[in-house]
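Trainee: Pasting a structure below so you can have a look.
The values are calculated or read from the model by the stated rules, or taken from the named source; none is laboratory data. Computed from a prediction, not measured in an experiment: that's the story for all the values here. In this analysis, Cβ positions are derived from the backbone assuming ideal geometry, glycine residues included, and neighbour counts consider all displayed protein chains. Surface areas here come from the heavy atoms of the whole protein model, side chains and all, with no ligands, DNA or RNA. Shrake-Rupley method; radii C 1.70, N 1.55, O 1.52, S 1.80 Å.
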Amino acid sequence: AVCSMGNSTSRLYSVLAKTLSSGAVSQHQDCLEQLDSAQLDPIDPKELLEECQIVLQKRPPRFQRNFVNLKKNAASNHRPIRVMQWNILAQALGEGKDNFVQCPMEALKWEERKCLILEEILAYKPDILCLQEVDHYFDTFEPLLSRLGYQCTFFPKPWSPCLDVEQNNGPDGCAMFFLKERFELVSSANIRLTAMKLKTNQVAIAQTLKCHETGRLFCIAVTHLKARTGWERFRSAQGCDLLQNLKNITQGAKIPLIVCGDFNAEPTEEVYREFSNSSLNLNSAYKLLSPDGQTEPPYTTWKIRPSGECRHTLDYIWYSQHALNVNSALGLLTEEQIGPNRLPSFNYPSDHLSLVCDFSFNQDPDRLL
């Protein structure tokens, strides 16, 4: 079945009719074998954005967010690298498990919500995109983003909670996308995180990329740690395992590193301190938005569940502060923009805010190690 996009079937989407039909992940993989995205014509991002806006014409317009300029020193001699971090909210969890009591079910319809997600991505045009809770990789994100010029990688959770939801779309997991015109893949690792020497249900992807413009290597990682109160020590152990993996991959911080993730941990937690104090010399980019440069934002997720209002800072972009500069960061939504019913909503597709930073390479990284 062809997905209806607005009043008529979209030319872009009709090419991907098979991969955009709903069904199990195995069916999507079969479709992809029959219709290799790499062999399909590229998509003009403006055209895709227009398609999304047609679908979303009955919804309120996108929230406006502004970038905050953070770079105090001389201009870089290369184009900045824009990195976007976002827990997009798994469709199966949003509809079936997360109990957003103030969010109408109508706001969670996938045919429209996926266009809100795509609209957000297309608005910020990241060079590298790191996502969590992706359960529509094979039928939406891989086919479309590959045609926008991204190289795509997906690593599902071994026992995804999405599989407990009727009519699910397969397991959720982490996904990473980078623009092939800007970077070359040098190495890639799918990491199943351990805690107390036991394999866990949480995963990470770490890829070493070479920047075409500068010839510089850097590592980009995406992860999603265990959720919920009471699992603090477990998250700490997962964080230690991820850091050890990243030390090996970056040869002990010789290769610059960016780590994106939903850590499910406030800045008061041990796993946050482990990343702050790691020998990899990491800093959290969004601290730089605060007046003192030392304080995380007041929230990156804000929702209402049956137990009450949940307002937390859980999402981060960590970076090698000796090797990378943060040129700018995207400001967060205000409480007024989010509104009294919080997230997700007709305006915004996820319960987590997207984080976006522009990075440049430091010209003398070894001096600051």
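Trainee: Of all residues in the stretch 240-289, which are open to solvent by less than 10 Å² (accessible area, probe 1.4 Å) and out of contact with any Ser or Thr (no Cβ under 9 Å at 6 or more places or on another chain)?
Mentor: Once the filter is applied, which keeps residues that are open to solvent by less than 10 Å² (accessible area, probe 1.4 Å) and out of contact with any Ser or Thr (no Cβ under 9 Å at 6 or more places or on another chain), the stretch 240-289 yields only Ala285.
Trainee: Can you report the number of residues in the stretch 138-154 which are buried (at least 22 other Cβ atoms within 10 Å of the Cβ) and in contact (Cβ under 8 Å) with a residue 40 or more places away in the chain?
Mentor: Number of matching residues: 6.
Trainee: Quickly run through the stretch 29-56 and pick out the residues that are polar (S, T, N, Q) and either surrounded by 12 or more Cβ atoms within 10 Å (Cβ to Cβ) or modelled with pLDDT of 95 or more (or both). Give the steps one after another, and end with the answer.
Mentor: So the first thing to find is which residues in the stretch 29-56 are polar (S, T, N, Q), and the list is 29, 34, 37, 39, 53.
Matches in the stretch 29-56: Gln29, Ser37, Gln53.
Trainee: Continuing with the same structure: For the stretch 170-181, which positions are open to solvent by 10 Å² or more (accessible area, probe 1.4 Å) and under 23 Å from Thr223 (Cα atoms)? Quick ask: steps written out before the conclusion?
Mentor: Keep residues of the stretch 170-181 that are open to solvent by 10 Å² or more (accessible area, probe 1.4 Å), which gives 171, 179-181.
Listed by number, the residues that qualify are Pro171, Leu179, Lys180.
Trainee: Additional query: Among (1) of a type outside the set (A, V, I, L, M); (2) open to solvent by 50 Å² or more (accessible area, probe 1.4 Å); (3) closer than 22 Å to Val68 by Cβ; (4) touching a strand residue (DSSP E or B) at 6+ places or on another chain (Cβ under 7 Å), where does Pro298 come up short?
Mentor: (4)
Trainee: Do you know which of the residues in the stretch 69-99 that are surrounded by fewer than 19 Cβ atoms within 10 Å (Cβ to Cβ) and among the basic types (Lys, Arg) is farthest from Glu166 (Cα to Cα)?
Mentor: Residue satisfying both the conditions and the ranking: Lys72.
The rows are residues; the columns are (1) β-branched (Val, Ile, Thr); (2) under 16 Å from Val83 (Cβ atoms); (3) in a helix (DSSP H, G or I).
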{"position": "Thr229", "(1), (2), (3)": "yes, no, no"}
{"position": "Ala237", "(1), (2), (3)": "no, no, yes"}
{"position": "Leu242", "(1), (2), (3)": "no, no, yes"}
{"position": "Lys247", "(1), (2), (3)": "no, no, yes"}
{"position": "Glu266", "(1), (2), (3)": "no, no, no"}
{"position": "Ser278", "(1), (2), (3)": "no, no, no"}
{"position": "Tyr286", "(1), (2), (3)": "no, yes, yes"}
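Trainee: Out of the stretch 160-194, which residues are under 15 Å from Gln132 (Cα atoms) and either without any contact (Cβ under 8 Å) to a residue 24 or more places away in the chain or in a helix (DSSP H, G or I) (or both)?
Mentor: Listed by number, the residues that qualify are Pro161, Cys162.
Trainee: Of everything in the stretch 224-239, what is in contact with an Asp or Glu (Cβ under 7 Å, 6 or more places away or on another chain) and open to solvent by 50 Å² or more (accessible area, probe 1.4 Å)? Give them in sequence order.
Mentor: Listed by number, the list holds a single entry, Glu232.
Trainee: Which number in (1) among the charged types (D, E, K, R); (2) modelled with pLDDT of 95 or more; (3) assigned to a helix (DSSP H, G or I) marks the one condition that Arg65 misses?
Mentor: Arg65 satisfies every listed condition except (3).
Trainee: Sticking with this structure for a sec: Restricting attention to the stretch 330-364, which residues are touching a Pro at 6+ places or on another chain (Cβ under 6 Å), more than 23 Å from Lys58 (Cβ to Cβ) and among the charged types (D, E, K, R)?
Mentor: Listed by number, the list holds a single entry, Asp358.
Trainee: Also: Could you check the stretch 304-317 and list, in sequence order, the residues that are more than 19 Å from Leu225 (Cα to Cα) and open to solvent by less than 70 Å² (accessible area, probe 1.4 Å)? Spell out how you get there, then give the answer.
Mentor: The initial filter retains those residues of the stretch 304-317 that are more than 19 Å from Leu225 (Cα to Cα), namely 304-309.
Matches in the stretch 304-317: Ile304, Arg305, Gly308.
Trainee: Any residue that is open to solvent by 10 Å² or more (accessible area, probe 1.4 Å), farther than 22 Å from Ile88 by Cβ and touching a Ser or Thr at 6+ places or on another chain (Cβ under 9 Å) - is there at least one of those in the stretch 327-334? Steps first, please.
Mentor: Just the residues of the stretch 327-334 that are open to solvent by 10 Å² or more (accessible area, probe 1.4 Å), to begin with: 327-328, 331-332, 334.
If we keep only those that are farther than 22 Å from Ile88 by Cβ as well, we get 327-328.
Keeping just the survivors that are touching a Ser or Thr at 6+ places or on another chain (Cβ under 9 Å) gives 327.
Yes, because at least one residue in the stretch 327-334 is open to solvent by 10 Å² or more (accessible area, probe 1.4 Å), farther than 22 Å from Ile88 by Cβ and touching a Ser or Thr at 6+ places or on another chain (Cβ under 9 Å).
Trainee: Might you check whether a residue that is in a strand (DSSP E or B), surrounded by fewer than 22 Cβ atoms within 10 Å (Cβ to Cβ), of a type in the set (A, V, I, L, M, F, W, C) and out of contact with any His (no Cβ under 6 Å at 6 or more places or on another chain) occurs anywhere in the stretch 100-123?
Mentor: Initially, the stretch 100-123 is screened for residues in a strand (DSSP E or B), giving none.
No - not one qualifying residue is present in the stretch 100-123.
Trainee: Looking only at residues that are outside any helix (DSSP H, G or I), open to solvent by 10 Å² or more (accessible area, probe 1.4 Å) and closer than 18 Å to Pro80 by Cα in the stretch 335-369, which one is modelled with the highest pLDDT?
Mentor: That would be Asp358.
Trainee: Determine whether Ile220 is on the phi < 0 side of the Ramachandran plot, in a strand (DSSP E or B) and among the aliphatic types (A, V, I, L, M).
Mentor: Working: on the phi < 0 side of the Ramachandran plot: yes; in a strand (DSSP E or B): yes; among the aliphatic types (A, V, I, L, M): yes.
When the stated conditions are applied, Ile220 passes them.
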